[in-house]
There are 2 protein chains.
Amino acid sequence: MTKRVVVIGGVAAGMSAAAKAKRVDPALEVVVYERGPYISYGACGMPYFIAGDVPDYQDLIARTPEQMAEQGVKVHLHHKVVGIAPDAHTVTVRDGEREQEFVQEYDRLVIATGARALELPLPGADLPGLFVLRSLVDGIAVKQFLDQQSPQQAVVIGGGYVGVEMAETFRRLGLAVTMVIRSGQVMRQQLDHDVRALVEDEMARHGVDVITGTPTGFEGDGRVEGVVLEGGERLAGDVVLLGLGVHPDGIPLAELAGAALGRTGAIATDGMMRTNVPDIYAAGDCAEVFHLVTGEPDYVPLGSTANKQGRTAGENAAGGQAAFAGIVGTMVVRAFDLAVARTGLTTAEAEARGYSVRGVKIRASNRARYFPGAAPIHVKLIVDDETDRLLGGQIVGQDGVAKRVDVLATALHHRLTVADLQQLDLSYAPPFSPVWDPILVAANVVAK
Amino acid sequence: MTKRVVVIGGVAAGMSAAAKAKRVDPALEVVVYERGPYISYGACGMPYFIAGDVPDYQDLIARTPEQMAEQGVKVHLHHKVVGIAPDAHTVTVRDGEREQEFVQEYDRLVIATGARALELPLPGADLPGLFVLRSLVDGIAVKQFLDQQSPQQAVVIGGGYVGVEMAETFRRLGLAVTMVIRSGQVMRQQLDHDVRALVEDEMARHGVDVITGTPTGFEGDGRVEGVVLEGGERLAGDVVLLGLGVHPDGIPLAELAGAALGRTGAIATDGMMRTNVPDIYAAGDCAEVFHLVTGEPDYVPLGSTANKQGRTAGENAAGGQAAFAGIVGTMVVRAFDLAVARTGLTTAEAEARGYSVRGVKIRASNRARYFPGAAPIHVKLIVDDETDRLLGGQIVGQDGVAKRVDVLATALHHRLTVADLQQLDLSYAPPFSPVWDPILVAANVVAK
């Protein structure tokens with residue numbers, strides 16, 4: 001009898017799981033239920049679609065339901081799974097187009113319900129012109145609003161990476177931009193103070209006004225015209241973007257099925273992406289991920305991780321034995337002319353976990369200093385003062401940032417020390433690096 | 001009594017050794033004898049100086065003798081060490097300016113005599129217009145010749161990285177370029193066949209004519225006008241660049257001092273850069289280097305390695321206990337619009353060492369495929385088929401090559417397997433990488 005793998009959710013983790021399961025066992029029936037109108041899209045590309053770099057939202061879509069069908073994966077759009085009966089091995093699905101529900105049996109189930117953007121339940125929060133940026137539907141809506149309403153003054157609420165990317169996008173489209181951040185600090189969670197300052201300088205240099213504030217409401221006549229802040233200040237803004245982070249989606253569904261949540265509130269899994277419920281896997285932004293540096297489960301929803309988790313879940317749902325070890329906290333974001341990357345722990349994160357750390361931040365050149373286009377690059381290393389083990393790194397600069405941080409990420413995976421870093425035989429040629437790569441410079445300094 | 005460290009050679013390794021020794025022990029007297037007119041220059045930048053990217057040769061000079069003097073290091077230009085008496089702890093130095101010799105005592109000696117370009121002792125090899133590119137003097141001479149003689153037709157002999165860089169430089173300056181390579185293959189030693197083909201396509205696309213041939217002489221009336229090849233073919237060329245590789249320099253001097261050479265013909269050292277002669281260290285392009293992948297001493301003269309060896313020798317000459325573990329064979333070169341990088345072993349190198357290998361070469365995108373400027377990137381992984389350990393990697397593409405190969409280099413240092421590579425938490429954002437970094441794509445494919 002043909003076995004059936006059912007996947008709930010058709011974006012990064014879900015579609016990776018479905019495609020991998022079918023590849024591992026072509027005899028499987030693989031069915032995906034996606035409650036929205038799109039699957040398999042690169043949500044991280046939305047700021048660049050909105051900015052006009054990517055001309056068509058369809059460019060963001062890696063695979064259509066038709067393409068998946070050719071691979072033998074059945075995708076159902078506008079289908080929301082509303083119930084899971086783990087003993088019966090069935091899911092209840094609401095078909096949003098036909099407005100009807102049906103029950104589907106599964107042999108293995110992958111929960112890949114993703115995450116939802118945090119919203120602000122404040123007066124006026126339903127005014128047109130107020131957006132989050134999470135699904136492709138959100139992205140298309142923002143783009144349409146900008147095209148049709150031509151707003152002049154954007155307010156970005158929140159200083160995380162979506163906020164930073166959208167501040168850039170709005171500026172490039174010619175809007176005035178104010179970022180309202182509770183702490184007043186851009187990427188406070190992700191970066192050390194001294195590194196963050198470089199990003200804030202770049203934002204200021206490009207005309208982004210970063211202010212400290214907490215919204216208490218939104219006002220406007222038929223569409224948003226401003227944000228009210230704690231203390232009563234009113235901030236004009238005819239488009240407002242909430243970049244407050246996300247939380248896992250589909251959690252009540254998972255709980256109904258008996259799936260245990262972790263301390264973070266996301267679904268707990270083992271390294272094979274199994275939940276505690278037999279034959280039910282979870283992957284992507286609804287699930288926790290093991291953090292190899294802290295040694296604890298964490299909630300770090302990112303597309304790269306979702307794809308790895310999905311692939312692992314899909315392989316195992318198809319009878320394989322794949323394992324996903326976990327992450328080291330790598331992230332990169334573009335902020336105007338800068339790439340801003342981090343991996344591992346920040347100083348604050350390391351100290352909160354009881355480490356006594358020392359850090360250095362060095363400024364070097366991304367190429368041989370005499371080479372045309374050579375630009376400053378800043379490397380911060382955070383080291384366990386007791387063992388000399390690398391705990392984290394942050395790199396900010398123009399070219400050559402994202403993939404340099406990957407050297408540090410690789411180092412974190414294998415618990416390298418400063419002495420190990422100093423030995424690395426990193427590539428050198430004047431167009432690409434100084435003879436001492438900035439990572440080696442930093443390692444040599446922090447070794448002292 | 002003040003101790004004295006004498007360093008023979010003032011370029012990469014020598015100057016690193018001198019500067020480091022002085023920093024470690026400021027009470028030391030540190031003396032450098034450099035037989036040429038310049039110290040501390042970035043020889044690798046010469047193709048870009050000749051091309052005009054770097055306006056002045058002085059831009060290539062990191063530190064002048066005056067700047068070294070401020071740091072307390074005495075540099076003597078035009079001083080050639082002609083003898084070493086290890087028992088007496090003295091060197092005999094010929095002062096080329098005053099035309100006199102003197103004897104200098106040392107407590108510790110660092111031999112950093114570098115390498116010499118291989119020449120072709122053929123008829124006509126002394127014709128003006130024939131160049132090697134090794135020292136800054138060479139670079140200045142080539143530049144001057146191009147400026148004053150305006151040659152139209154360059155012949156590059158040899159297909160290594162200097163040949164490739166100079167072929168690019170000549171083309172960019174508007175010259176016709178023929179590369180004559182004995183094997184007819186560009187970077188044959190450094191790359192696998194399928195990767196090399198990408199570089200050869202790029203050379204062809206930019207009008208470089210690569211031919212198979214072995215020069216038997218040079219002809220010309222007062223300056224070079226052509227190259228005679230085996231078989232009698234005559235190749236017109238009014239500037240000829242020999243890029244045939246290098247061999248260690250200063251070897252007779254080292255042998256006179258009793259320093260043992262390795263199997264490669266370069267000076268043998270231990271991990272502290274000590275030769276077999278008490279108080280004599282060797283570093284840089286005159287010395288061997290331990291290859292961490294093969295587990296054997298090797299001869300791989302590169303500026304990045306020379307600097308690390310010099311720094312190690314300097315620290316130890318000053319009484320420290322530094323160790324340099326060795327290299328993994330990382331190299332990157334620009335070939336027109338491509339960056340070409342390798343690390344570890346090629347397939348041929350691995351097979352020659354008895355490994356049974358499997359390899360994959362994948363083509364991916366260097367950024368999210370929908371992101372403006374996304375370009376193909378090719379990643380080849382070479383794996384020990386028995387243990388699944390990574391043995392080597394080659395990457396070719398536009399952006400994002402050099403520092404991606406460094407992830408593989410880091411992996412080689414720590415003997416990672418394919419499964420380890422698949423787990424890596426590499427940075428992702430659309431401007432910098434697809435959601436599956438090309439390295440992960442290659443690892444996933446080679447894992448199958």
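Couple of notes before you dig in:
- Quotient of the Cα radius of gyration of segment A:337-447 and 2.2 N^0.38 Å, N being its number of residues: 1.01.
- Put simply, the amide H of A:Gly392, placed in the peptide plane, has neighbours under 5 Å in A:Leu345, A:Ile382, leaving out anything fewer than 5 places away on its chain.
- Coarse-grained scattering of segment A:245-394 at q = 0.12 Å⁻¹, given as base-10 log I(q)/I(0) from a Debye sum over alpha-carbon atoms: -0.63
- Counting neighbouring Cβ atoms within 10 Å and putting the fewest first, the residues B:Met331, B:Met46 line up as B:Met331, B:Met46.
- Counting beta carbons within 10 Å around each of B:Ser150, B:Ser304 and listing the fewest first gives the order B:Ser150, B:Ser304.
- With contacts taken as Cα pairs under 8 Å at a separation of at least 6 residues, chain A carries a relative contact order of 14 percent.
- Here the Debye sum runs over all C-alpha atoms of chain A as equal scatterers in vacuum, and log10 of I(q)/I(0) at q = 0.09, 0.12 Å⁻¹ comes out as -0.64, -1.10.
- Segment B:119-262: projected area of the alpha-carbon convex hull, averaged over directions, in nm²: 10.2 nm²
- For segment B:136-215, average projected area of the Cα convex hull in nm²: 5.4 nm²
- For A:Phe336, label point 7 Å along C-beta direction: distances to other copies, nm: 3.7
- Per-residue [θ]222 nm for chain B (sum of -39500 (n - 2.57) over DSSP H runs n ≥ 4, rounded to 500): -7500 deg cm²/dmol
- At full extension, B:Gln321 and B:Asp147 could sit 57.8 nm farther apart than now, given 0.36 nm per residue minus the alpha carbon distance.
- For A:Ala141, inter-copy separations between label points set 7 Å beyond Cα along the Cβ vector come to 7.2 nm, shortest first.
- Directionally averaged shadow of segment A:100-169, computed from the convex hull of its alpha-carbon atoms, nm²: 7.9 nm²
- Centroid-to-centroid separation of segment B:321-394 and segment B:206-285 [C-alpha atoms, Å]: 26 Å
- At R0 = 35 Å, FRET efficiency that the Cβ-Cβ distance of A:Ala27 and A:Glu97 yields, to 0.05: 0.75
- Calculated FRET efficiency for the pair B:Gln58/B:Asp87, C-beta based, R₀ 45 Å, to 0.05: 0.60
- Comment: the Cα-to-Cβ extended label point of B:His193, at 7 Å, lies 6.1 nm from its counterparts in the other copies, nearest first.
- Residue exposure sequence - A:Cys286, A:Cys44 - by fewest surrounding Cβ within 10 Å: A:Cys44, A:Cys286
- Taken over chain A, lysine pairs spaced eight or more positions apart, or on distinct chains, with alpha carbons under 17 Å apart number 11.
- All-pairs Cα distance distribution in the protein assembly as shown, expressed in whole percent, bin size 20 Å: 14, 41, 31, 13, 1, 0
Throughout, read-outs are computed from the coordinates displayed, never taken from laboratory work. Model, not experiment: these values are computed from the prediction. Because the Cβ atoms are built from the backbone with ideal geometry, glycine has one as well, and the counts that use them run over all protein chains shown.
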